[in-house]
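The values are calculated or read from the model by the stated rules, or taken from the named source; none is laboratory data. As the structure is a computational prediction, the values presented were derived from the model and not from experiment. Please note: Cβ atoms are built from the backbone with ideal geometry, for glycine as well, and neighbour counts cover all protein chains shown.
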Amino acid sequence: MPELIGDLIRHNVAVLMAGGPPAAIAAKKATSTLPVVFTSGDDPVQIGLVSSINRPGGNVTGVYIFFSDVETKKLGLLRELVPNAVLIATLVNPAFPTAVYQTQELHKAADKLGQRIQVINASSETEIDAAFASMKQLQASAVLVAADPFFASHRDQIVSLAARYAIPAVYEQRAMAAAGGLMSYGTNLAEAYRQAGLYTGRILKGEKPADMPVVLSNKFEFVINLKVAKTLGLNVSANLLSTADEVIE
């Protein structure tokens, strides 16, 4: 990553659209003058990208994409779709920086709903396979896949396993539902990247990153794959369908 960023800097680019935290952090380490625009699912203040949300300071600003804060909503949606669920498994990557926070929020939400959950950790392809086998042994009624770039990058594997074990699952990205997952709820990534593009454009027109507050991406989308629901024998209520931003049939 540093080598790639260094090459861009040597080409005298006007601004670096650095994307996720690893690239953004590497870009910040490489230059203190060239403007950098990020899209981060991690708190940009906590990971050291900016001094504060409202006044970033320095040469870095961008879009804060909420991933971890949607787990409570996802659990509620899963409960509504599978109201008689005795046990809901939650797939969490312990290597993800906000994994502890995700787990705490899930337990709080479960206690409030009176729902029994079982946290199952996985941070490799092999562990994902083992996790779904464990869900089967535990007779989990459904699974909540926590927001995490690692899980998103293993979309096909996870969606295929959920189908193989016939277990209803909720994800954080629309792409998971589009790939054959049951449903998703999370930040509208297309809108988040559009916002990052707008910020990049403003910088190209002369604005300074230090004076541009980090954008809090607050547009969410709820997607239901009705075809998958029918395959699983689930009755999707009219209320749930009416709240969906998109229904895949």
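A compact table of results
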read-out: Filter result for THR31 (within 28 Å of GLN102 (Cα to Cα) and out of contact with any His (no Cβ under 9 Å at 6 or more places or on another chain)); value: no
read-out: Cβ-Cβ under 9 Å pairs, at least 6 apart or on other chains, the stretch 6-29 side touching a residue at least 12 places away in the same chain (Cβ under 8 Å) and on the phi < 0 side of the Ramachandran plot, far side of a type in the set (D, E, K, R) and part of a loop (DSSP other than H, G, I, E, B); value: GLY20/ASP42; PRO21/ASP42
read-out: Only listed residue being of a type in the set (Ser, Thr, Tyr), closer than 30 Å to VAL45 by Cβ and modelled with pLDDT of 95 or more, chosen from TYR165, TYR193, TYR171; value: TYR171
read-out: Selection status of ALA133, closer than 22 Å to PRO94 by Cβ and surrounded by fewer than 23 Cβ atoms within 10 Å (Cβ to Cβ); value: yes
read-out: Lone unmet requirement of (1) over 16 Å from the mean Cα position of the chain (by Cα); (2) in contact (Cβ under 8 Å) with a residue 12 or more places away in the chain; (3) surrounded by 14 or more Cβ atoms within 10 Å (Cβ to Cβ) for GLU127; value: (2)
read-out: Test set (1) in a helix (DSSP H, G or I); (2) modelled with pLDDT of 95 or more; (3) aliphatic (A, V, I, L, M) - VAL143 fails condition number; value: (1)
read-out: Hits in the stretch 125-140 (condition: in a loop (DSSP other than H, G, I, E, B) and either modelled with pLDDT under 95 or over 28 Å from PHE220 (Cα atoms) (or both)); value: GLN139
read-out: Subset tally (residues that are within 22 Å of the chain's Cα centre (by Cα) and outside any helix (DSSP H, G or I)) for the stretch 214-245; value: 14
read-out: Any hit, the stretch 175-183, residues being among the hydrophobic types (A, V, I, L, M, F, W, C), more than 19 Å from SER52 (Cα to Cα) and over 17 Å from the mean Cα position of the chain (by Cα); value: no
read-out: Output for the stretch 199-229, where each listed residue is over 29 Å from GLY57 (Cβ atoms), of a type in the set (A, V, I, L, M) and surrounded by 18 or more Cβ atoms within 10 Å (Cβ to Cβ); value: VAL223, ILE224, VAL228, ALA229
read-out: Those residues of the stretch 202-226 which are in contact with a strand residue (DSSP E or B) (Cβ under 8 Å, 6 or more places away or on another chain) and free of Cβ contacts under 8 Å to residues at least 24 places away in the same chain, in sequence order; value: LEU226
read-out: Some residue of the stretch 73-87 being β-branched (Val, Ile, Thr) and in contact with a helix residue (DSSP H, G or I) (Cβ under 7 Å, 6 or more places away or on another chain); value: no
read-out: Residue ranges of strands (runs of 3 or more DSSP E) in the stretch 1-108 with at least 1 members more than 26 Å from VAL228 (Cα to Cα) and at pLDDT 95 or above; value: 16-19, 36-40, 60-65
